[in-house]
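Novice: Right, I'll just put the structure down here and ask away after.
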Amino acid sequence: MHFNLTEEQRALADTVQRFLAQQYGFEARRKILRSPEGWSREIWGKLAELGLLGLQVPPEHGGMAPAAIETMLTLEAMGRALLVEPYLASAVLGSALVGALGSPAQREALLPAMAEGRRIVVPAHGEAGARHDLSRVATVARRGGAGWVLSGRKAVVVHAPAADLLLVSARTSGAVDDQQGISVFAVPPGSPGVRLIPYPLIDGQRGADVVLTEVSLPADALLGAEGAALTALEAAWDLGVAALCAEAVGVLQATLDATTEYTRTRKQFGGPIARFQALQHRMADMLMSVEQARSMSYLAAMVATSDDLRERRRKLSAAKVVVGQACRFVGQQAVQLHGGMGVTDELAVSHGFKRLMAIEASLGDTEHHLERFITESR
Amino acid sequence: MDLSFTPEEQAFREEVRRFLEQRLPASLRRHVLEGLHAPAADTVEWQRLLHRQGWGGPSWPTEHGGTGWDPVRQYIFEEECAAAGAPRLLPFGLKMVGPVIMRFGNEAQRRRFLPRILSGEDWWCQGYSEPEAGSDLASLRTRADRQGDHYLVNGQKTWITLAQHADWIFCLVRTDHAARPQAGISFLLIDMKTPGVTVRPIVMLDGGHEINEVWFEDVAVPVENLVGEENKGWTYAKFLLGHERANIAGIGSSKRELERLKRIAAAELKHGRSLAEDPFFAARLAQVEIDLMALEITNLRVLSAEAEQRTPGPEASLLKIKGSEIQQALAELMMQAVGPYALPFRVEALDGGFQGEPVGPAHAAPLAATYCNLRKTTIYGGSNEIQKNIIAQLILGL
């Protein structure tokens, strides 16, 4: 039992932190946010050069999976910098899904290109009526022509506009909430019948609703066995929860640091406001919240790929609860302690606040995971 | 990074578990697991049993007769003991005055006092707080005036846990009245049988007698009972507080209490169904369980830092705050779980041998008293507000 990093892990963390500190400052990020695409291909290319896009890609396809600790360290650094590129969507969820479901040919066609930054592959799974329930899929795929025909609508697909390829889940059999009967298809976003309704998200990242109208796909668009994709979706989402927890820790720490720094420099009533005990205790509470979240992020990284499903689900849900509550509390208090400046767009704190808010609501919110924890504890 | 215990640590856990199965008496176990009043004799008996096994000083180095266990083994030991329902070892000797004597005492003091702590022969209590010196400990006024080969001690200490059983008390006393508050304090060991020492009980809100006032009236204390140097007591006290906090999260006992809460919730009914299945109750229970899970990892992080010879730092304040909040939350939920039967308060029913006619389920009898008793946890050992000051100043640098 220890919490030490290996030399290589420490070096990786240093490299990522240094890279982001140099090239992803607040103003640089702002410019990226205001660009038409809303993310930077240049940065994406550099993430590929650093090997970070291959952390979920097995070595035979040019990556370094499994790399639980490396992923955690990378996401924590990205959280600190409030990175807006489609890392979670493609390099975590997308890679995990292709790795779990793809045939050898599909894996070879996609994973090396993803690791090298040449292709962005984004899962499109959520639907309007499903909230955070992974097994509720109304989008339908039926056999037609030589392959498949898909119809339905995918809701709030984060980074869909950036995708070279969408991994669309659709029901090939069963009722809307059956565990069985869910399949995943590789859908080029330019295919006839695919329409994206793109929009920015509250945290500055980009998303879209994906409308599928009689979309014809070849037979080999199916990833994995027909009707049996739920296990892989759950596994990818669990990996994503661990990644999101790590990212949150980075945002939380940066937000706390900004707040302590601000209260030390902001002067009122003849001195820095950090001298007031009401504020000191609030920041002590924030620190405890950050440290508890950090502990759970460690736990999440350790169990994210565990074969013991019950333990994996219990612990990841527990982690998301602690992290989600920390996101709310620390984000809200950071804005509060920044006073009027906290509610402007000018400081990093409000950008961190919005990312924390989005993290809490992503891949299952606090309430969803509290419920899953209870179910898996029975 | 690796959260699993090594094969050696797991083997050690098995060894502790076997020992507890074989040697922990059922009556002691029952008092703890059912939340009943454990008599002082339980504590002494358990210390003696451990001493015979060579485990009397689980946190002590071998050179002073301890086990020499690293922090992880100490943690495993405490966790297993708590789960099995072993009485809590008295911290006053083992975790407070013992380490101070080891670090700052002289050879004669070590030989005289340390073995008797391990064997359970001496029961120690802690004389820090005074009526006018609580969180502001440095304002203490109990005085020790040097007169030849002894000090004459006069004053009043309060909130002294289990002083009624104690053979010895370690005290912070003022030896220099001119110096600034922290600089004039000394660390003195006082035999409770010395003429002029008076113990008066303070009955607490749960009806129990756990706490006392101790009065000193011209109490003559030999100068050889001074630990370290005169007027350096504040340094020793701070050292001791660090040790106290490092073990204060109470993860093991909170895990045990969580299991008790689950048993109670499973047995209680709401709308004719098990309370454990009630979504409101289940959510509150799950929240505490999750908070405890997070605190356990945080505790392990502090331990692993300690194992690398970094002394317990201000992060111990976090363990104290969160640990005490969880203890209180568990007690509150247990009391809530039994509904109206939380209210009957029969002190006799809290003793192991109660033979009267029960009212309500047996598990309900001690719950309100425990809930009341545990209000102390956010107050003692440096109140949680003081701990937040420490975090703000020493970690956040505010």
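We did not get these values from a lab; they are worked out from the coordinates using the rules stated. As the structure is a computational prediction, the values presented were derived from the model and not from experiment. We place every Cβ from the backbone using ideal geometry, glycine too, and count neighbours over all the protein chains shown.
Novice: In what sequence do B:F281, B:F345 fall when counting other Cβ within 10 Å, fewest first?
Specialist: Sorted ascending by nearby Cβ count, the order is B:F345, B:F281.
Novice: Given axes a ≥ b ≥ c from the Cα gyration tensor, I'd like to know whether segment B:51-92 is rounded (a/c under 1.5), prolate (a/b larger than b/c) or oblate.
Specialist: Here segment B:51-92 falls in the prolate category.
Novice: Take the alpha-carbon centre of segment A:259-281, take the same for segment B:103-121, and report the distance between them in whole Å.
Specialist: Spelled out, the Cα-based centre of one part sits 47 Å from the other.
Novice: For helix B:71-84, report the angle its Cα long axis makes with the longest principal axis of the Cα atoms of chain B; keep it between 0 and 90° and round to the nearest 10°.
Specialist: 50
Novice: Mind putting a number on the dipole of segment A:288-378 about its Cα centre? Charges go on the C-beta only, +1 for Lys and Arg and -1 for Asp and Glu, and I need it in Debye to the nearest 20.
Specialist: Values: 12 positive and 11 negative charges, 50 e Å.
In debye, rounded to 20, segment A:288-378 gives about 240.
Novice: I'd like the GluC sites (Glu not before Pro) in segment A:314-378 restricted to DSSP loop residues with at most 12 other Cβ atoms within 10 Å, sorted by number.
Specialist: A:E346
Novice: Residues with beta-carbon under 10 Å from that of A:L83, excluding A:L83: net charge, scoring Lys, Arg +1 and Asp, Glu -1?
Specialist: Value of the local net charge: +1.
Novice: Hey, if you put +1 on the Cβ of every Lys and Arg and -1 on every Asp and Glu Cβ in chain B, which of B:F113, B:P344, B:P58 ends up farthest toward the positive end of that dipole?
Specialist: B:P344
Novice: Across segment B:121-129, in residue order, what do the Karplus-derived ³J(HN,Hα) couplings come to in whole Hz, using 6.51 cos²θ - 1.76 cosθ + 1.60 with θ = phi - 60° and x for Gly and Pro?
Specialist: Per-residue couplings from phi come out as 6, 10, 9, 9, 9, 10, x, 10, 5 Hz.
Novice: Right, next: Among the GluC sites (Glu not before Pro) in segment A:21-104, which ones are in a DSSP loop with at most 14 other Cβ atoms within 10 Å of the Cβ? Mind listing them?
Specialist: Hits after loop and neighbour filter: A:E37.
Novice: With a 10 Å cut-off between alpha carbons and a GNM built on chain B, which of B:T158, B:T235, B:T370 moves the most?
Specialist: Among B:T158, B:T235, B:T370, the largest GNM mean-square fluctuation belongs to B:T235.
Novice: Work the Kirkwood hydrodynamic radius out for segment B:201-330: mean of 1/r over every pair of different alpha-carbon atoms, inverted, in Å.
Specialist: 18.5
Novice: Rg and Dmax of the protein assembly as shown, Cα atoms, in Å?
Specialist: 30.3, 108
Novice: Which order do A:C327, B:C372, A:C245 fall in if you start with the one that has the fewest other Cβ atoms within 10 Å?
Specialist: Numbers: A:C327 29, B:C372 17, A:C245 32.
Ascending Cβ contact count within 10 Å gives the list B:C372, A:C327, A:C245.
Novice: Using +1 at the C-beta of Lys and Arg and -1 at the C-beta of Asp and Glu, which of A:S295, A:G339, A:L239 has the Cα lying farthest in the positive direction of the dipole of segment A:231-377?
Specialist: So the residue furthest toward the plus end is A:G339.
Novice: Follow-up question, since we're still on this one. Positive end of the charge dipole of segment A:1-99 (Lys, Arg +1 and Asp, Glu -1 on Cβ, about the Cα centre): tell me which of A:L12, A:S35, A:S90 has its Cα farthest that way.
Specialist: So the residue furthest toward the plus end is A:S35.
Novice: Along each of its three principal axes, how wide is the spread of alpha-carbon positions in segment B:1-42, in whole angstrom units, largest first?
Specialist: 42, 22, 15
Novice: Note the angle between two axes, namely the Cα long axis of helix B:279-307 and the longest principal axis of the Cα atoms of chain B, as a number of degrees from 0 to 90, rounded to the nearest 10.
Specialist: The angle comes out at about 40 degrees.
Novice: Is segment A:122-227 rounded, prolate or oblate when judged by the Cα gyration tensor, a ≥ b ≥ c being the square roots of its eigenvalues, rounded requiring a/c under 1.5 and prolate requiring a/b larger than b/c?
Specialist: oblate
Novice: Give me the three principal axis extents of segment B:248-395 from the C-alpha atoms, as integers in angstrom, largest value leading.
Specialist: In descending order, the Cα extents are 54, 33, 25 Å.
Novice: Quote the charge dipole size of the protein assembly as shown about the Cα centre in Debye, to the nearest 20; the model charges only the Cβ of Lys and Arg (+1) and of Asp and Glu (-1).
Specialist: It works out to roughly 1080 debye.
Novice: Hey, another quick one. Using amide H atoms built in the peptide plane, which far-off residues or other-chain residues are under 5 Å from B:K270 H to H?
Specialist: Residues meeting the amide H criterion: B:L275.
Novice: At most 12 other Cβ atoms within 10 Å plus a DSSP loop assignment makes a site exposed; report the longest stretch of chain B without any exposed GluC sites (Glu not before Pro). Don't jump to the answer; show the numbers that get you there.
Specialist: On the way: sites that count: B:E132, B:E229, B:E308.
Counting at most 12 other Cβ atoms within 10 Å as exposed, the longest clean stretch of chain B is B:1-131.
Novice: Treating the beta-carbon of each Lys and Arg as +1 and of each Asp and Glu as -1, no other charges, what is the dipole magnitude of chain B about its Cα centre, to the nearest 20 debye?
Specialist: The calculated dipole for chain B is roughly 100 debye.
Novice: Continuing with this model, one more query. May I ask what percent, to the nearest 5, of DSSP beta bridges between residues of the protein assembly as shown are antiparallel? Mind dumping the intermediate values first?
Specialist: Details: 63 of 75 bridges.
Bridges in the protein assembly as shown that DSSP calls antiparallel: roughly 85 percent.
Novice: Enter the per residue convex hull volume of segment B:1-103, computed from alpha-carbon coordinates, in Å³ rounded to the nearest integer.
Specialist: For segment B:1-103, the hull spanned by Cα atoms encloses 119 Å³ per residue.
Novice: Cα gyration tensor of segment A:7-119, axes a ≥ b ≥ c as square roots of the eigenvalues: rounded (a/c below 1.5), prolate (a/b > b/c) or oblate? Could you put the intermediate results ahead of the total?
Specialist: Details: a/c = 2.33, a/b = 1.41, b/c = 1.65.
Oblate, because a/c is 1.5 or more while a/b does not exceed b/c.
Novice: If you count the DSSP beta bridges with both ends in chain B, what percent of them are antiparallel, to the nearest 5?
Specialist: Rounded to the nearest five, the antiparallel share is 85 percent.
Novice: Let me ask something else about it. Across chain B, how many lysine pairs separated by 8 or more positions, or lying on different chains, have Cα atoms within less than 20 Å?
Specialist: 19
Novice: Separate question: Okay, helix-only estimate at 222 nm for chain B: each DSSP H run of n ≥ 4 adds -39500 (n - 2.57), divide by all residues, round to 500 deg cm²/dmol; what do you get?
Specialist: So the calculated ellipticity at 222 nm is -13500 deg cm²/dmol.
Novice: Nearest 10 degrees, 0 to 90: what angle lies between the long axis of helix A:7-23 and the longest principal axis of chain A (Cα atoms)?
Specialist: 80
Novice: Still on this structure: What are the ³J(HN,Hα) values, in whole Hz, obtained from phi via the Karplus relation 6.51 cos²θ - 1.76 cosθ + 1.60 with θ = phi - 60°, for each residue of segment B:390-398 in sequence order, with x given for Gly and Pro?
Specialist: So the Karplus estimates, Gly and Pro as x, are 5, 4, 4, 7, 8, 9, 8, x, 8 Hz.
Novice: State the three equivalent ellipsoid semi-axes of chain B, derived from the C-alpha gyration tensor as the square roots of 5 times its eigenvalues, in descending order and whole Å.
Specialist: Values: eigenvalues 258, 120, 95 Å².
So the equivalent ellipsoid measures 36, 24, 22 Å along its semi-axes.
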